[in-house]
Each structure stands twice: as C-alpha cells, then as structure tokens.
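Enquirer: Here you go, one structure.
The values are calculated or read from the model by the stated rules, or taken from the named source; none is laboratory data. Predicted, not measured: the structure shown is a model, and the values here were computed from it. For neighbour counting, all protein chains shown are included, and Cβ atoms are generated from backbone atoms with ideal geometry for every residue, glycine included. Just so you know, the surface numbers come from the protein's heavy atoms only, side chains and all, with ligands and any DNA or RNA stripped out. Shrake-Rupley method; radii C 1.70, N 1.55, O 1.52, S 1.80 Å.
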Amino acid sequence: MPILLILLTIAACLPTSRFARPDGFTRLDSAVATLVTMALPVLLTALACRRVVRALDADPAARPRVARQYNWARRRLPLLTLGAAVLSVAGWGWSDTVAHTVVVRVGGSWRLAPFAELLMPLPYFIALALNWVSHHAAERALHRTSEAARRNPDDPESAEFWTLGGYVGFQARQLALSLGLAVGVCALNLTLARFAPETMALPSLQLAGLGFAVAAFVAFPRVVPGLLGLEPLPPGPTRDRLHTTADRLRVRFTRILLWPTRGLIVNALVLGVVPQARYVIFTDRLLSALTPAELDAVLGHEAGHVKHGHLWLYLAFLILSSAFLAALGGVAEQAFKAQGWTLPTDYDWAFGVLPLAGMGVWLFVVFGWLSRACERQADVFGARAGSCADPYCRGHDAATPLVEGGRGLCRTGATNMMAALDRVGETAGLDRRGPRLTLRLRAKAWLRAWQHGPMSHRIEFLMHLADDPALGDRSDRAALRLKLGLSAALVAAVAGLSLLVDWADFVRAL
Ligand SMILES: [Zn+2]
Ligand SMILES: [Zn+2]
C-alpha cells in the first residue's frame, strides 16, 4: 500500500500525468464534483463506524462478530477513498483545476505557485483525516469491550485508548513517515524546475540533486524518532537482554527504541543505512506479546537486514531501476517517433501515466522478488541469532553458550524464530493456516504480502530449517546469487541502453 500510494501521489502532482477537465466542465464544476466524490467514502466510513459503536453499546457480547465485520470494512473502505481520489483527478480534472487556479505571475506569464502541486492530492488526505475521526470512535469502542483489556493490566491493549487528537496524530505521523520524503523531494524538484528551468537543466546541478536525494535518504532516520514519537526502551531485563543480543550479533545501530502504539501495531523494523542514523524499533504490542527468546529472534531478523546490507541494496536497486526504466522509456519513445507515430492530443497524458504504471509493475514483480529473498535471509539470521554450536541440539538453558556474530544455526534457534513469527501472526490476526488454501485465497495472501511472502510460507520454511539446519547456508548462497545476478543484469542493461539514449536524459529522469 505505501508504495502504491507514493506512486499515485506523485502521479497526481506531475504535470505529465495531468488529466484535462471533461468537455464543458468549468473549474467550479470540477471542484464541486471532486467535493461530492470525496464526500461519499467519508460518509460511508462514518456510517460503518457508527454502526460498530451502536452495536457494541447495545450488546458488548457481540464484539467478535462486530470486530470481524469492522475488520472487513477497515480493509476495503480505504480502497474506496483511494478510488474516489483517482476519479477526481482522472475523471473530473482536479489537478488541472488546481493548475489553472493557484497561479502566480512571473515575468509576464502565469505559473503554478510554488509547491501548489501538493494541493492536487490534498482532497484525498483531507478525506483520510476525516475517516480517522470515524475510525477512532469505532476502535475506541472495540478497545473498551476487548477481553485482553480486562484480563491483563500489563497488556498495552488494556492501556487507555488514544484520545481523538492522539489517534489522528498517530495515523498522520505514520503517513508522513511513508510519504513525506518522496513527495517532499518531488514537490521541491518540480517547483525548482518551474522557476529556474535553465539552472535545473544543468547536468552538474542534476547530479548534485541526486546526491542531495541520497543524502536525505541516509539522514532521514534521524528525524523518525521525533516524527513517530518513539521512546527509549524502559530499563529492565528486556532492554538488557536485547542489548546483550545485539552485542553478540555484532550489529551496530544508534538505538533500540519503543514505539508506543497503544496496542494497535505488532511489528518491529529497522531504519537507516549507516550506524550513526540507524534505529531498531519495537512496538509496545510486540514487546509484550513475545517471550525473551522470541524477541531475540525478531531482533536477529532486523539485524539480518543490516548484516546482509539489504538497506543499501534497496537504495541501489531503486536508483538502478529508475535509470533502467527511464532509459527503456527513452528508447521506446525514439522508436515510436522513428516510426512516425503520434498519440492523439487527447491522450498525451499517457506519456506521463505509462512510466509510472511501468514503475508500479516493476516494483511489484522485481522488487517484490528481491524483497522476499531478503526477508528469507533475515529470517535465517533471526534463527542464527539464538543458535548454539550444535546444529541438532535439543533445547537451550540459561547456561547454553550461543555462537557469536550470528554464525551458528541450530534447531532451537530455528524453532524460536518460527515461534516468534507464529506469535506475531496470531497477535496481529494474520492468516497462518497451512498450504492447503484454495488458489484464490493463496493468491490473495501473496498479493497482500508481496514484500514478505505470506506468514504460513515463512513458517513452513523455518520448519524445514529446524529439520535441516544446513539449509540455512544453502538458502543464504541462493539469496546472494539472486542479489548479485540481479544487480549485474541491471548494471549491464543500464550500460547497454545508455549507448542508445542521451546520457543527460538519464540523469534528468533520475
Ligand atoms: Zn524483515
Ligand atoms: Zn542450539
């Protein structure tokens, strides 16, 4: 979802993918149509959430059924909101309306005001914020009636639910984290290109811009703790154990941090390509749900991403992919023109939309493939994190020496990693059923988990790993071959295509 959202938000901002208003539509018509279209999903969300609150007020015992219905709607209503935004931009010409309304006069001609492209996806974000208000009421009602809240006072689920402001802030911060950098760099780039086109066209400046984007990417994690409201881990045995494990694995980062989500998210993540700006983040719900050995495995998974250089790999992959797709687009355009073909003027937006659609498909297929291979490597490293020197050991006690640097792999380590995934899946309500799913359900599971692979698939692999710990080395070698092969193929393709298109076009596309 975030990648799709980033691509669509950028598409809404780009002048190349701007749709004209329908014939006979004034700017006011377009604005009114956008308002009505965006109001519809907001209204539906409000009604669905109101029903949840009423049903729980009337009969708290109906919670399981109400929660199921709510979760169903919670997954589908955002797609409706997104669809309404796409309709507003593509059908009602909303971006075009903004482009003709929010203008400034510069040197005798009218230009789009600085950063006015941010107004183009704005209706979507306003609708999203209004939906959060509705969801807050529904989730608070679900929280109030939850079993866990009454059973265990230490459970973060039993903590007081977010206030409305806190909840909206919590959601807005996550959105800012996933979209802020990409959309901000894009809007800055477009504004500069509009007001200083000659300067921005200089190859040296474009290279500098690329350097700036990479530097922003490297330094970005430094602002994340403030952005998400992360806290230091509370002192105690959990913190001590995680630090001991990190030392044993010899992984370097700035800090391990706690993400207080009031029980809403079960997750851990690692951010940052350099140790000076790298954070390992655990949510409150994950910390409370997992046993110490399972937390070690999760930390090991995140450390695996660092140890195997996955974050650098993703950065290099994204840069190489953009270069490759830009060059491919350039070659296709040359061929198109050489044939003497032209697009009817009504369809010239296709030149803006096609590259973005191509990028989407490319990310889904190729990046998804790479990402799943990396996740498997991280899972193997998570198993290594709690492994002793005997591959076929029969369990550990407090005195069992574990292998330094994550170089060992034993049955118990693999079992711990498996248990950790299983418990994360259980706590998050994910599908952990075995492989006997119907084809349709399996396809859905893959679609939803295109970056990680479905939980059931990962657990099955760890089961094999526990049976045959030597599988770990074999699977790491396979991942290395994939990474090297894919990088080499991309570099070769970019080098080959650069003979066919102008090199300066390349940098511009980046
Ligand atoms: Zn991972
Ligand atoms: Zn062992």
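Enquirer: How far is helix 27-58 tilted off the main Cα axis of the chain, in degrees rounded to 10, range 0 to 90?
Expert: Taking Cα atoms only, the helix is inclined about 20 degrees.
Enquirer: Projecting each Cα onto the charge dipole of the chain (Lys/Arg +1, Asp/Glu -1 at the beta carbon, about the Cα centre), which of Thr291, Leu497, Gly330 comes out farthest on the positive side?
Expert: Result: Thr291.
Enquirer: Hey, another quick one. Over 5 Å intervals from 0, what percent of Cα-Cα pairs in the stretch 194-293 sits in each interval?
Expert: Final binned percentages: 2, 11, 17, 18, 14, 10, 7, 6, 6, 4, 3, 1.
Enquirer: Return a whole-number percent for the relative contact order of the chain, with Cα pairs under 8 Å and 6 or more residues apart as the contact set. Display every interim value, and only then the final one.
Expert: Values: 657 pairs, mean separation 71.1, N = 510.
Once normalised by length, the contact order is 14 percent.
Enquirer: By what distance, in whole Å, do the Cα atoms of the stretch 202-510 stretch along each of the three principal axes, largest value first?
Expert: 75, 44, 35
Enquirer: Provide the per-residue ³J(HN,Hα) series for the stretch 178-187, in order, calculated from phi with Karplus coefficients 6.51, -1.76, 1.60 and θ = phi - 60°, each as a whole number of Hz, with x at glycine and proline positions.
Expert: Values per residue, Gly and Pro as x: 7, 9, x, 5, 5, 6, x, 4, 5, 5 Hz.
Enquirer: A further question on this structure: Compute the separation of the alpha-carbon centres of the stretch 268-334 and the stretch 369-431 and state it in Å as a whole number.
Expert: First find each Cα centre; the distance between them is then 19 Å.
Enquirer: A further question on this structure: Using the alpha-carbon atoms, what tilt in degrees (0 to 90, nearest 10) does helix 310-338 show relative to the longest principal axis of the chain?
Expert: Compared with the principal axis, the helix lies near 30 degrees.
Enquirer: Another one. Which percentage, to the nearest 5, of the DSSP beta bridges contained in the chain is antiparallel?
Expert: Working: 11 of 16 bridges.
Around 70 percent of the beta bridges assigned by DSSP in the chain are antiparallel ones.
Enquirer: Placing +1 on the Cβ of each Lys and Arg and -1 on the Cβ of each Asp and Glu in the stretch 1-154, which of Pro41, Ala73, Leu8 has its Cα farthest towards the positive end of the resulting dipole?
Expert: Value: Ala73.
Enquirer: If you place +1 on the Cβ of every Lys and Arg, -1 on the Cβ of every Asp and Glu, and leave all else neutral, what size is the dipole of the stretch 2-195 about its Cα centre, to the nearest 20 Debye?
Expert: Working: 20 positive and 12 negative charges, 41 e Å.
Computed about the Cα centre, the dipole is about 200 debye.
Enquirer: For a label point 7 angstrom out from the Cα of Ala176 toward its Cβ, which stretches of the stretch 76-120 have the backbone nitrogen within less than 18 Å?
Expert: Only 118-119 pass the distance filter.
Enquirer: Where in the stretch 156-197 is the amide nitrogen less than 19 Å from a point lying 7 Å along the Cα-to-Cβ axis of Arg105?
Expert: Hits in the stretch 156-197 for Arg105 at 19 Å: 195.
Enquirer: Just need log10 I(q)/I(0) for the stretch 254-331 at q = 0.21 Å⁻¹, Debye formula, equal scatterers on the alpha-carbon atoms, no solvent, rounded to two decimals.
Expert: Cα-only, vacuum Debye calculation for the stretch 254-331: -0.92.
Enquirer: A follow-up question, please. Just how large is the dipole of the chain about the Cα centre, in debye to the nearest 20, putting +1 at every Lys and Arg Cβ and -1 at every Asp and Glu Cβ? Write down the numbers at each step before the final one.
Expert: Details: 52 positive and 38 negative charges, 138 e Å.
That gives a dipole near 660 debye.
Enquirer: Accessible area per residue, 1.4 Å probe, Å², for the stretch 202-510: what's the number? Before the final figure, lay out each step's value.
Expert: Values: 15590 Å² over 309 residues.
It amounts to 50 Å² per residue over the stretch 202-510.
Enquirer: In degrees from 0 to 90, rounded to the nearest 10, what is the angle of the helix 63-86 Cα long axis to the longest principal axis of the chain?
Expert: 30
Enquirer: Taking the square root of 5 times each eigenvalue of the Cα gyration tensor, what semi-axes in Å does the equivalent ellipsoid of the stretch 2-195 have, largest first? Don't skip to the answer; put the middle values down first.
Expert: Working: eigenvalues 310, 72, 28 Å².
One finds semi-axes of 39, 19, 12 Å for the stretch 2-195.
Enquirer: Which of Ser475, Val361, His464 sits closest to the plus end of the dipole of the stretch 202-510, meaning its Cα is farthest towards the positive end, when Lys and Arg get +1 and Asp and Glu get -1 on the C-beta?
Expert: Ranked along the dipole, the leading option is His464.
Enquirer: Could you list which residues have their amide H under 5 Å from that of Leu257, counting only those 5 or more apart in sequence or on another chain, with H placed in the peptide plane?
Expert: Val280, Ile281, Phe282
Enquirer: Report, to the nearest whole %, how much of the accessible area of the chain belongs to carbon and sulfur atoms, 1.4 Å probe, protein only. Intermediate results must be reported in sequence, preceding the final value.
Expert: Values: 16750 of 26070 Å².
That share works out to 64 percent.
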